[in-house]
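Chemist: One structure is given below, represented as C-alpha cells, and several questions about it will come after.
The values are calculated or read from the model by the stated rules, or taken from the named source; none is laboratory data. The structure displayed is predicted, hence computed values, not measured ones. All Cβ positions, glycine included, derive from the backbone under ideal geometry; neighbour counts span all protein chains shown.
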Amino acid sequence: MNIQENIDLTHCNTFGLPVKSQYFYKLTDKNDLAKLVEHPIFKNNKILFLGGGSNIIFAPDFLGLTVFMSNKGVKVVEQQEDSVIIEAQAGENWHNFVLSTIRLGLNGLENLSLIPGTVGASPVQNIGAYGVEVKDVIEKVECFDLETQEWLLLTNTECRFDYRDSIFKQHNGRYVITSVYFKLSKTFIPKVSYGLLKQYLGSQETALSAKTVSEAICQIRQEKLPNPERIGNAGSFFKNPIISANQAKDILALYPNAVHYHQPDGMIKFAAGWLIEEAGLKGVSVGGAAVHQKQALVLINQDHASVEDVKSLAKMVQKTILYKYGLSLEAEPLFVE
C-alpha cells in the first residue's frame, strides 16, 4: 500500500494551520479499507480519517496515520413516485454534490449549499443551516466499524442524530463513513422562514425553486462568511446554545432583542453569533487568531495563527459569554493533537 511519510497537511485543513502528518494514505476505493486496517502502520499508530478538513483544528504535528478519504461517485439507487434515493461516496465535495442534485431536479439539500467539506463528513456533525439539518434527508449511512471489523448500513434512527451530533461524533474514530444515502424529493417544498434568508428572498421577485434558494444562500454566505481559500477558518466555530424556556426567560428579560428560536421540544436556541457580537468581541484577536469582523460566530486565521492562539481565543470567547449571559458555548471543530 502506498503509505507516505512526513506529509504536509497545511492545505488539507481550512483553518490553514501548519501541520505535518507522520504517515499519510489516500483512500480512493472503500474496498481497500480491509487491507489498510491489517497494515502494521495502521495497527501501531494513532489514526485520523480526514475529509475536507473544514471542521478540524490541528496541532503542529500529527504523530500517526492520516487517511484522506478520496473515494468518489454519485448514483441513483432507487426511484420512487415522489422521491429518489441517491448514494454519494464519502470523498465527494459537499457543495458540488448539492448542486448536482439540484440539476437533477431533486429537492431537500438546497439550504445546505456552500457548506465546506465532504459528503462523508456531513452526518458526523449533522451539518445544518437556514432551518435544515442533513439528518432530515439522510436515509442511511454505510460505514466500516473499526472495533468489530464489520461493514454496517446504519438507518437514520441508528445514526442517533441530534443538534450537531451523531453516533459518529459520540464514538469518534470508531466508524469510517464510506458513503451516504439521501432520500430527496421530486417536489419542491421551500423552507425559507429562517431569519436572513426570509428577508433576502422577500425582496426577490423570481419564483422560488431549489435553484433560486441555493443561489440566495450562496450569496448570503459569500457576503457574510470568509472564503477559507483566502482567510483560514473552520466555519461556525461555536454551537448555538439550547436551554430550557425557564432559563431563557431570565436572559430575555435582560436582553429582549437577543436572537432566539423556539424548538419543537419547548427548548430555546440562542444565536451564538448574536451573543458574541453583542458582547463586543467582533475583531478581537489573540496572536494570529481573531473573531471575524463580519460574522462573530467565525474565528479566523488572521496572521499565521498557531493552535494555541486559536485555543486561547476560543476560551476567551467562552468565558466572556458565560460571564455576560450565563450561557456555555461549545466549540464545533474537533481539536486534534
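Chemist: For region 263-283, which residues satisfy the criterion of being farther than 15 Å from Asn233 by Cβ and in a loop (DSSP other than H, G, I, E, B)?
Modeler: Gln263, Pro264, Asp265, Gly266, Met267, Ala271, Ala279, Gly280, Leu281, listed by residue number.
Chemist: For Phe42, are the conditions met, namely being assigned to a strand (DSSP E or B), out of contact with any Gly (no Cβ under 7 Å at 6 or more places or on another chain) and at pLDDT 95 or above?
Modeler: Working: assigned to a strand (DSSP E or B): no; out of contact with any Gly (no Cβ under 7 Å at 6 or more places or on another chain): yes; at pLDDT 95 or above: yes.
Criteria not met by Phe42.
Chemist: Which residues, counting only those in region 86-97, are in contact with a Leu (Cβ under 8 Å, 6 or more places away or on another chain) and either buried (at least 24 other Cβ atoms within 10 Å of the Cβ) or in a strand (DSSP E or B) (or both)?
Modeler: Ile86, Trp94
Chemist: Something else now. Among Ala314, Ala245, Ala305, Ala290, which is the only one that is under 24 Å from Lys169 (Cβ atoms), in contact with a strand residue (DSSP E or B) (Cβ under 7 Å, 6 or more places away or on another chain) and not acidic (Asp, Glu)?
Modeler: Ala314
Chemist: Just for region 278-295: of the residues that are within 22 Å of Ile57 (Cβ to Cβ) and without any contact (Cβ under 8 Å) to a residue 24 or more places away in the chain, which one is surrounded by the most Cβ atoms within 10 Å (Cβ to Cβ)?
Modeler: That would be Ala290.
Matching residues to (1) within 26 Å of Lys224 (Cβ to Cβ); (2) exposed (fewer than 14 other Cβ atoms within 10 Å of the Cβ); (3) within 15 Å of the chain's Cα centre (by Cα):
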{"position": "Val119", "(1), (2), (3)": "yes, no, yes"}
{"position": "Asn172", "(1), (2), (3)": "no, yes, yes"}
{"position": "Phe182", "(1), (2), (3)": "no, no, no"}
{"position": "Phe188", "(1), (2), (3)": "yes, no, no"}
{"position": "Tyr200", "(1), (2), (3)": "yes, no, no"}
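Chemist: At least 2 residues that are over 30 Å from His11 (Cα atoms) and in contact with a helix residue (DSSP H, G or I) (Cβ under 6 Å, 6 or more places away or on another chain) in each: list the helices (runs of 4 or more DSSP H) lying fully within region 186-262 that qualify. Break it down into steps so the answer makes sense when it comes.
Modeler: Numbers: elements: 195-202, 210-224, 245-254.
Answer list for region 186-262: 195-202, 210-224.
Table: residues versus (1) within 23 Å of the chain's Cα centre (by Cα); (2) β-branched (Val, Ile, Thr); (3) at pLDDT 95 or above; (4) under 25 Å from Asn55 (Cβ atoms).
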{"residue": "Gln219", "(1), (2), (3), (4)": "yes, no, no, yes"}
{"residue": "Lys224", "(1), (2), (3), (4)": "yes, no, no, yes"}
{"residue": "Phe238", "(1), (2), (3), (4)": "yes, no, yes, yes"}
{"residue": "Ala245", "(1), (2), (3), (4)": "no, no, yes, no"}
{"residue": "His262", "(1), (2), (3), (4)": "yes, no, no, no"}
{"residue": "Ala279", "(1), (2), (3), (4)": "no, no, yes, yes"}
{"residue": "Ala290", "(1), (2), (3), (4)": "yes, no, yes, yes"}
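Chemist: Say whether the condition of being surrounded by fewer than 23 Cβ atoms within 10 Å (Cβ to Cβ), assigned to a helix (DSSP H, G or I), among the polar types (S, T, N, Q) and out of contact with any helix residue (DSSP H, G or I) (no Cβ under 7 Å at 6 or more places or on another chain) is met by at least one residue in region 125-148.
Modeler: No, region 125-148 contains no residue that is surrounded by fewer than 23 Cβ atoms within 10 Å (Cβ to Cβ), assigned to a helix (DSSP H, G or I), among the polar types (S, T, N, Q) and out of contact with any helix residue (DSSP H, G or I) (no Cβ under 7 Å at 6 or more places or on another chain).
Chemist: Among the numbered conditions (1) touching a helix residue (DSSP H, G or I) at 6+ places or on another chain (Cβ under 9 Å); (2) β-branched (Val, Ile, Thr); (3) at pLDDT 95 or above, tell me where Thr155 comes up short.
Modeler: (1)
Chemist: In addition: Report yes if Lys239 is free of Cβ contacts under 8 Å to residues at least 12 places away in the same chain and of a type in the set (D, E, K, R), otherwise no. Full working, then the answer.
Modeler: Details: free of Cβ contacts under 8 Å to residues at least 12 places away in the same chain: no; of a type in the set (D, E, K, R): yes.
Here the answer is no, as Lys239 does not meet what is asked.
Chemist: Name, by its number, the condition in (1) modelled with pLDDT under 95; (2) surrounded by 17 or more Cβ atoms within 10 Å (Cβ to Cβ); (3) not in a loop (DSSP other than H, G, I, E, B) that does not hold for Gly52.
Modeler: Only one criterion is unmet by Gly52, namely (3).
Chemist: Given the conditions (1) closer than 24 Å to Lys75 by Cβ; (2) not in a strand (DSSP E or B), and given that Val180 satisfies all but one, which numbered condition is not satisfied?
Modeler: Unmet condition: (2).
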